[in-house]
1. Is there any pair linking a residue in the stretch 187-207 that is in the same structural domain as Arg255 (by TED's automatic domain parsing) to one that is surrounded by fewer than 16 Cβ atoms within 10 Å (Cβ to Cβ) and among the hydroxyl-bearing types (Ser, Thr, Tyr), with Cβ under 8 Å and at least six apart or on different chains, and which?
2. Out of (1) part of a helix (DSSP H, G or I); (2) of a type outside the set (D, E, K, R); (3) surrounded by fewer than 19 Cβ atoms within 10 Å (Cβ to Cβ), what's the single condition that is false for Ile303?
3. In the stretch 117-142, which residue that is at negative phi and assigned to a loop (DSSP other than H, G, I, E, B) is surrounded by the fewest Cβ atoms within 10 Å (Cβ to Cβ)?
4. From the residues in the stretch 349-383 that are within 18 Å of the chain's Cα centre (by Cα) and assigned to a strand (DSSP E or B), which one is farthest from Leu162 (Cα to Cα)?
5. Hey, among the residues in the stretch 254-269 that are more than 12 Å from Phe239 (Cβ to Cβ) and surrounded by 22 or more Cβ atoms within 10 Å (Cβ to Cβ), which one's farthest from the chain's Cα centre (by Cα)?
6. Condition first: in a helix (DSSP H, G or I), of a type outside the set (Gly, Ala, Ser) and closer than 17 Å to Gly181 by Cβ. Now tell me which residues in the stretch 77-116 satisfy that.
7. Hey, among Thr144, Thr178, which residue is under 17 Å from the mean Cα position of the chain (by Cα), closer than 20 Å to Gly101 by Cα and assigned by TED's automatic domain parsing to the domain that holds Pro330?
8. Can you name every residue in the stretch 148-184 that is farther than 30 Å from Leu315 by Cα, hydrophobic (A, V, I, L, M, F, W, C) and part of a helix (DSSP H, G or I)?
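The values are calculated or read from the model by the stated rules, or taken from the named source; none is laboratory data. Just so it is clear, the model here is predicted, and its values are computed rather than measured. So basically every Cβ, Gly included, is an ideal-geometry build from the backbone, and we count neighbours across all protein chains shown.
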Amino acid sequence: MKSYLSRIFLAIMLPIVAICATGARAESILIGFSAPDTGPAAAAAMWQRWGVEIARDEINNAGGVLGKQIEIVSYDNRCNPSEAVNVANKLAEAKVTAIIGAHCSSATLATMPIIAEAKIPMVEGVATSPKITELSGVGGNEWTFRINPSDQDMMVALGRYLKGETKIKRVAVVGEDTDFGRGGAGAFAEVAKADGLQIISTDFHPQNQPDFTSLLTRIQQSKPDAIALFQLSGDQINFLRNAMQLQVRIPYTGRFDPFGRNTPIIEAGGMEGSITAWPYSQDIDYPANKTLVAQTQQRYKSIPYLQTWAGYDSLRLIAKAMAQAGSSEPTKVRDGLKHADFVSAMGKPIVFDDHNQAGKIVIIDKVEQRKVHLESLVDLGAR
């Protein structure tokens with residue numbers, strides 16, 4: 001009898017609990033987050049999550065948006081296109097207002113058709129493939145917005161610097177065999193031709209390659225002035241460690257990470273003279289950036305990285321678009337994003353062009369005396 005009554009009690013109470021949970025969630029605005037929590041970009045995904053969490057708490061502590069709190073609905077896309085499609089479908093089923101993601105270029109490109117069909121806006125702050133620009137806005141996908149510069153924009157800024165400020169002429173290119181790697185290498189090749197740089201070799205490798213010894217040996221024998229890298233952090237750190245073991249003393253350029261997991265290599269002297277194009281710097285003196293730096297140091301005992309800024313400004317921008325639209329309905333949020341009156345943490349206005357591309361700020365960093373120095377901030381929007 002007791003067991004029977006218990007089942008009756010559960011049958012009555014479970015729907016009530018579900019209704020209460022649904023009601024509680026209805027008081028929140030759901031924002032999706034498609035991130036590679038596992039896989040080759042897991043460390044970078046963690047850094048991005050820091051920025052999302054800081055922005056969420058900042059917004060909620062200030063009263064939320066439209067009288068409601070922000071709630072993050074997150075799934076792991078593993079930096080994999082197929083899994084990113086699954087994540088996008090899950091977020092659509094969860095009826096999120098907007099999506100932050102999908103971090104990796106291949107994952108973002110795979111996500112774009114899903115969010116267009118579901119009519120949910122997505123803000124990207126990490127992926128750099130030029131294809132994203134080509135396909136967004138007037139390119140056909142009106143639901144994808146990007147706040148970071150593409151590889152094309154970053155290579156334009158880098159090419160100008162290499163031509164005007166260095167003696168680098170002959171470059172070997174190394175990239176991962178993904179949309180990110182090939183997109184970056186292709187953009188660099190286009191700029192190199194215009195700026196008088198000679199590409200003496202181009203090599204693509206699969207993700208998670210365990211050893212680069214043979215490739216490095218061949219590159220070293222060709223004596224380039226620099227090696228342009230287009231790899232995610234896991235492969236990049238393995239490449240740089242192999243180079244140190246082989247006592248390679250060739251500077252790097254392209255899109256290497258000036259901080260993060262590469263910091264020990266820089267501090268050990270393995271990247272002297274290297275020059276990179278990057279979308280963010282924690283050294284920029286602007287109030288919102290100071291807040292981001294202070295919060296990241298206090299909560300995570302770290303400086304903010306590119307990905308931290310991307311998560312922070314992506315969510316802040318979405319919140320601003322909702323507030324200005326006066327609605328959390330996805331179509332109105334999309335329209336709000338197009339015209340959002342928003343200044344990034346780096347102190348520059350976010351203004352989307354016809355391709356929904358707003359990332360026009362490029363940082364040029366150089367490694368000297370085992371430290372990273374901010375050489376210049378290039379505003380391509382001012383050209």
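1. Ile200/Ser222; Ser201/Ser222
2. Here Ile303 meets the rest and fails (1).
3. Restricting attention to the stretch 117-142, the residues satisfying the condition of being at negative phi are 117-118, 120-136, 138-139, 141-142.
Subset that is assigned to a loop (DSSP other than H, G, I, E, B): 120-121, 125-129, 142.
Values: Ile120: 22, Pro121: 26, Gly125: 29, Val126: 30, Ala127: 26, Thr128: 29, Ser129: 27, Glu142: 17.
The selected residue is Glu142.
4. Gln357
5. Pro258
6. Let us first name the residues in the stretch 77-116 that are in a helix (DSSP H, G or I), namely 81-93, 105-116.
From the residues that got through so far, the ones that are of a type outside the set (Gly, Ala, Ser) too are 81, 83, 85-87, 89-91, 93, 108-109, 111-115.
Passing the criteria: Pro81, Thr108, Leu109.
7. Numbers: Thr178 fails: assigned by TED's automatic domain parsing to the domain that holds Pro330.
Among Thr144, Thr178, only Thr144 is under 17 Å from the mean Cα position of the chain (by Cα), closer than 20 Å to Gly101 by Cα and assigned by TED's automatic domain parsing to the domain that holds Pro330.
8. Leu162
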